[in-house]
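> Please see the structure below; I have some questions.
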Amino acid sequence: MQNNNKIEVWGYKTFRPFRIYWALYEYNLDFIKYKIGSRTGETKTSQYLKINSKGKIPTFRHNNITITESGAAVSYILDNFKKPKDFFIPKTASDKAKVQEWCLFSLMELDCLSIYILRRHEKPDSLGLSKIYGEADNAVKTARMHFDKMIAACEKSVPKNSWLLSDSPSMADIIFMSCLIHCDNFRLKIKSDNINLYIERAKKRNIFQRAFKDCFNM
Ligand SMILES: N[C@@H](CCC(=O)N[C@@H](CS)C(=O)NCC(=O)O)C(=O)O
């Protein structure tokens, strides 16, 4: 176990830094926040680029280790600090694989292949960055179709009354939920009552609400 001196997080107001905030709140860890935003210039300073050469948020630092992928940062937190009672850490090979399956599915199919394509190629009035990355109507259309297809594919695996793998949340819930709460921004409608109920249940968690308020400055 590591001690928890000096945990730092750069980034806020979007769903990727939120993953780290939520994990830190679950583990009841204090951290120093640098509330910098993407495309404000704050991620392009030479000082920041020395910490994160991608020029993106979030960045996580604990003592001497710096992590510039949100999923890896969450994983580090869960593995290195004292586990709270009400949090699920998989022990068996099959549970570990299931957590990974949810995380990779969310990061690849929901985040990269759906949400991020919309972010890059939607028009500015739809919160997109087509002025920077170019208009790509077909990519936008297929990203929307892909999202619907992936939601339909996973909806039966979402439990009716619990978190994804247990009665306590796990990394799978942090990564999956982070993608789901971002959909509205891009008018991605979740066409699954089961998943919408899961979202409502997850949003009721006090720790989720506190992390959300802090990350989104509410
Ligand atoms: N795979 C990275 C993605 C990070 C990322 O794309 N962050 C966005 C904001 S949430 C960003 O900084 N975008 C700025 C850019 O793409 O230039 C992670 O999950 O940490």
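> Identify, from the list Arg120, Arg144, the residue that is surrounded by 15 or more Cβ atoms within 10 Å (Cβ to Cβ), under 18 Å from Ser70 (Cβ atoms) and of a type in the set (D, E, K, R). Give the derivation first.
Details: Arg144 fails: under 18 Å from Ser70 (Cβ atoms).
None of the other options fit; the residue is Arg120.
> For Ser170, which of the numbered conditions (1) within 30 Å of Thr92 (Cα to Cα); (2) more than 17 Å from the chain's Cα centre (by Cα) fails to hold?
For Ser170, the failing item is (2).
> Among the residues that make up the stretch 104-111, is at least one of them of a type in the set (Gly, Ala, Ser), within 12 Å of the ligand (Cβ to nearest atom) and either in contact with a Phe, Trp or Tyr (Cβ under 9 Å, 6 or more places away or on another chain) or under 18 Å from Ile175 (Cβ atoms) (or both)? First the steps, then the outcome.
Start the filter on the stretch 104-111 by keeping residues that are of a type in the set (Gly, Ala, Ser), which leaves 106.
Keeping just the survivors that are within 12 Å of the ligand (Cβ to nearest atom) gives 106.
Narrowing the set further to residues that are either in contact with a Phe, Trp or Tyr (Cβ under 9 Å, 6 or more places away or on another chain) or under 18 Å from Ile175 (Cβ atoms) (or both) leaves 106.
Yes, the stretch 104-111 contains a residue that is of a type in the set (Gly, Ala, Ser), within 12 Å of the ligand (Cβ to nearest atom) and either in contact with a Phe, Trp or Tyr (Cβ under 9 Å, 6 or more places away or on another chain) or under 18 Å from Ile175 (Cβ atoms) (or both).
> I've got another one for you. Considering the stretch 92-134 alone, what residues qualify as being under 20 Å from Ser157 (Cβ atoms) and of a type in the set (Lys, Arg)?
Result: Lys96, Lys98.
> Could you figure out which of (1) in contact with a strand residue (DSSP E or B) (Cβ under 6 Å, 6 or more places away or on another chain); (2) within 15 Å of the ligand (Cβ to nearest atom); (3) of a type outside the set (Ser, Thr, Tyr) isn't true of Leu49?
Every listed condition holds for Leu49 apart from (1).
> Here is a follow-up. Just to be sure I understand, how many residues within the stretch 68-91 are within 11 Å of the ligand (Cβ to nearest atom) and crowded, with 20+ Cβ neighbours inside 10 Å?
Initially, the stretch 68-91 is screened for residues within 11 Å of the ligand (Cβ to nearest atom), giving 68-74.
Filter once more, so that each one left must be crowded, with 20+ Cβ neighbours inside 10 Å: 70-71, 73-74.
Qualifying residue count, the stretch 68-91: 4.
> Tell me the residue from Arg187, Arg210 that is at pLDDT below 95 and closer than 30 Å to Trp10 by Cα, please. Quick ask: steps written out before the conclusion?
Working: Arg210 fails: at pLDDT below 95.
From the options Arg187, Arg210, the qualifying one is Arg187.
> For the stretch 64-177, give me every one of the helices (runs of 4 or more DSSP H) that falls completely inside it and has 3 or more residues that are in contact (Cβ under 8 Å) with a residue 40 or more places away in the chain. Write out each step before concluding.
On the way: elements: 70-80, 93-104, 116-121, 130-133, 137-154.
Per the criteria, 70-80, 93-104, 137-154.
> Residue check, Phe31 against (1) surrounded by 12 or more Cβ atoms within 10 Å (Cβ to Cβ); (2) farther than 23 Å from Phe216 by Cα, all met but one. Which one?
All conditions pass for Phe31, except number (2).
> Right, here's the next one. Look through the stretch 12-31, keep the residues that are of a type in the set (A, V, I, L, M) and part of a helix (DSSP H, G or I), and return whichever of them is farthest from the ligand (Cβ to nearest atom). Give the steps one after another, and end with the answer.
Keep residues of the stretch 12-31 that are of a type in the set (A, V, I, L, M), which gives 20, 23-24, 29.
Subsequent filtering for residues that are part of a helix (DSSP H, G or I) retains 20, 23-24.
Numbers: Ile20: 9, Ala23: 13, Leu24: 15 Å.
Among them, the one singled out is Leu24.
> While we're on this one: Of all the residues that make up the stretch 91-119, how many are touching a helix residue (DSSP H, G or I) at 6+ places or on another chain (Cβ under 8 Å) and closer than 16 Å to His182 by Cα?
Going through the stretch 91-119 one residue at a time, the tally reaches 13.
> Also, I was wondering about something else. Given the criteria at pLDDT 95 or above and within 16 Å of the chain's Cα centre (by Cα), does Leu180 qualify?
On the way: at pLDDT 95 or above: yes; within 16 Å of the chain's Cα centre (by Cα): yes.
Spelling it out, Leu180 is indeed at pLDDT 95 or above and within 16 Å of the chain's Cα centre (by Cα).
> Looking at the stretch 42-53 only, could you name the residues that are in a loop (DSSP other than H, G, I, E, B) and surrounded by fewer than 11 Cβ atoms within 10 Å (Cβ to Cβ)? Don't jump to the end; show me each part of the working.
Start the filter on the stretch 42-53 by keeping residues that are in a loop (DSSP other than H, G, I, E, B), which leaves 42-45, 52-53.
Of everything in the stretch 42-53, just one residue is in a loop (DSSP other than H, G, I, E, B) and surrounded by fewer than 11 Cβ atoms within 10 Å (Cβ to Cβ), namely Ser53.
The values are calculated or read from the model by the stated rules, or taken from the named source; none is laboratory data. These figures come from a predicted structure and were not determined experimentally. Cβ coordinates were reconstructed from backbone atoms using ideal geometry, including for glycine residues, and neighbour counts include every protein chain displayed.
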